[in-house]
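Right, one structure below, let's go through it.
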Amino acid sequence: EIYSLHVDCRVTSRFAHTVITSRIVNRANESREATFEVELPKTAFITNFSMSIDGEVYPGIIKEKAAAQNEYDSAVSQGQSAGLIKITDRKLEQFHVSVSIAAASKVTFELTYEELLKRQLGKYELLIKVRPKQLVKHFQIDVHIFEPQGIHFLETDSTFMTNELTEALTKVQNETKAHILFKPTIDQQKKDSELDETLLNGDFVVRYDVKREATAGDIQIVNGYFVHYFAPQEMPVFPKNVIFVIDRSGSMAGRKIEQTIDALLKILQDLRPEDHFNFIIFNDKVVEWKSSLLPATEENVASAAALVQTLTARGGTDISGALLAAVGVLKKAEELPERSVSMIVLLTDGQPTSGERNVEVIQENVQKAINGKYALFCLGFGFDVSYKFLEKMALSNGGIARRIYENADAALQLQGFYQEVATPILMQIEMQYPENSIEGLTKNNFKLFFEGSEIIVSGKISNELDLLPVEIKAQSHTSNLTLKEEANVKDKEQVFQNQRYVFGNFLERLWAYLTIQQLLEKAVSAQEEDQKALEARALDLSLRYSFVTPLTSMVVTKPSDQQQKELANKPTEAG
């Protein structure tokens, strides 16, 4: 029986630190299995886990992956390793551990994870999965938010709220802080008064955005580390030249092609009159809808919609031919707006089976053809795609990859993705800082900035600076911009000084989190030697800051009378 479950989440300047504590008692008169099951965002890194059984603490120890595996192998006879973490859906992974406890004994499980919240479509989203599977006497979710820039709006949302449960939710906020408390009694948790079934099953979501002055972004400094947030608003949108490269091979038949058609019809409606577009539809044959890019007039959009509705799925998959054809169309396009953004959006659900099949050759040829001029976005539909291949191709060509999960909302996932990249407002953004006084600077030049997202740069101020000057250079649709700003280091440090619930080194941990994420991403498209060096740096940081990343594992030790060791490895989308 879980008698207490507490989720305590503190968000300081977008960096979220979540601690989940579950207390379980065995009320039976024999030993029983106590289970701790938590779903956490895939983007988060676990930083700590412990079990205490009758006062004895069993901590999880984070080690380099191979070392952890060796320790595990020597402790366990071969052949039984289920791993403690698995991906459960497109946003979540599940951490699951069980331990046997004696009659009348108690166990406390505690899991801590951290993540940097990413701004998408104008808001940050904090997702807490709630699934106790039983009524819990003391159930509580606490979310504390502190945003020195000021909170612009804040909302909570949940998939399981009833009028009764809403009474258990309170929200207190002022200019820069908010506290959300959700504390339902046992009666409020019940589906109906007769049964002991719980209503608490689903997502508890907090969404918010911060206030922004129209300047060169916002700088925050703590203990010598700085973070710089930049998210300009209300700027003219670049016209886009988009080529949709759509897989209609046999495996797309049925629901997938229907959902693709649904999404494309909506996406067509979202094109702006100044955009240009074309379709390449492929199976083992590659068909260019028109021989050149067309302006997105009402007429052209209607005729494209008619084409989309006739899509049927059969045949093989010539990914290489289709992408090279798309590059060809962009290359020969002449009358395009001078300042515009060209992009290729590939949607496929399989491996290359026709034309060139060697993924390395495809990657190389596509990168040569694109030559840094266009952004390539790769959407992999379902689990038969080689996600690794798509991700490497996208990241090598200034885009991103996304897996589309085959469920009811697949069309919405496709549309959501398109909305994120539909409004480029800056190109060639360079974030500049004084070279000789900053160490460990994270990525500071970006090809494109899309409205509703945010650029984040972090680093360590190495010498005694009083003022941190920053300069941002970028191209907008109408002009070349230079934005300048100076941050007063002492004043900035003051902001966090007297905040009760700010953990002192949060900005240093934010820097480490961001650096690891970027090193791992860079490693995806790097050559082998560089890849090893990037991974070595990411491993070093993962160990130093104790993060469970794809390069580390957590070894969980149990009491001596049961299977002694288990491993928690972070799964990745590429498997």
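Values quoted throughout were computed directly from the atomic coordinates according to the rules given, and no laboratory measurement underlies them. The structure presented is a predicted model; accordingly, all values stated were derived computationally and were not measured. Glycine also receives a Cβ, built like all others from the backbone with ideal geometry; neighbour counts cover every protein chain displayed.
Our summary of shape: the Cα atoms of the range 460-575 have principal axis extents of 64, 43, 28 Å, ordered from largest down, in whole angstrom. Between Asp157 and Asp8, the simple spin-label model (points 7 angstrom out along Cα→Cβ) gives 2.9 nm.
Taking the DSSP beta bridges with both ends in the range 240-422, the antiparallel portion is around 15 percent.
Can you give me the angle between helix 410-421 and the longest principal axis of the chain, using Cα atoms only, in degrees from 0 to 90, rounded to the nearest 10? That works out to roughly 70 degrees. Against the chain, whose longest principal axis comes from its Cα atoms, helix 506-524 is set at around 50 degrees. Of the two radii for the range 387-452, the radius of gyration is 1.10 times the Kirkwood radius, both from the alpha carbons; that is the Rg over Rh value. Distance between the pseudo-spin-label points of Glu258 and Thr176 (7 Å out from Cα toward the beta carbon): 5.3 nm. Available extension along the chain between Glu430 and Glu485 is 18.4 nm, counting 0.36 nm per residue and deducting the alpha carbon span. Helix 528-544 and the long axis of the chain differ in direction by around 30°, with both axes built from C-alpha atoms.
When the Cα convex hull of the range 240-422 is projected onto planes of every orientation, the mean area is 8.9 nm².
The modelled label-to-label distance between Leu265 and Thr35, using points 7 Å beyond Cα along the C-beta direction, is 4.2 nm. Go through [x] 3, 15, 24, 25, 20, 10, 2, 0, 0; [y] 3, 10, 14, 16, 16, 14, 10, 7, 5, 3, 2, 1, 0, 0, 0; [z] 3, 18, 29, 27, 15, 6, 2, 1, 0 and flag the label whose value is the computed P(r) over Cα pairs in 10 Å bins from 0, in percent for this structure. Computing P(r) over Cα pairs in 10 Å bins from 0, in percent and matching it to [x] 3, 15, 24, 25, 20, 10, 2, 0, 0; [y] 3, 10, 14, 16, 16, 14, 10, 7, 5, 3, 2, 1, 0, 0, 0; [z] 3, 18, 29, 27, 15, 6, 2, 1, 0 gives [x].
In this structure the amide hydrogen of Ser354, modeled in the peptide plane, comes within under 5 Å of the amide hydrogens of Thr317, Asp318, Ile319, none closer than 5 places in sequence on its chain. Taking 0.36 nm per residue of sequence separation and removing the Cα-Cα distance, the Asn445/Ala66 pair yields an extension gain of 133.0 nm. Residues within the reach of a label modelled at Gln475 (point 7 angstrom out along Cα to beta-carbon, backbone nitrogen below 19 Å), restricted to the range 396-427, are 397-399, 422-427.
Using 0.36 nm per residue and subtracting the Cα-Cα separation, the extra length available between Lys373 and Asp409 on full extension is 9.7 nm. Separation of the range 333-368 from the range 82-125 is 37 Å, based on Cα centroids.
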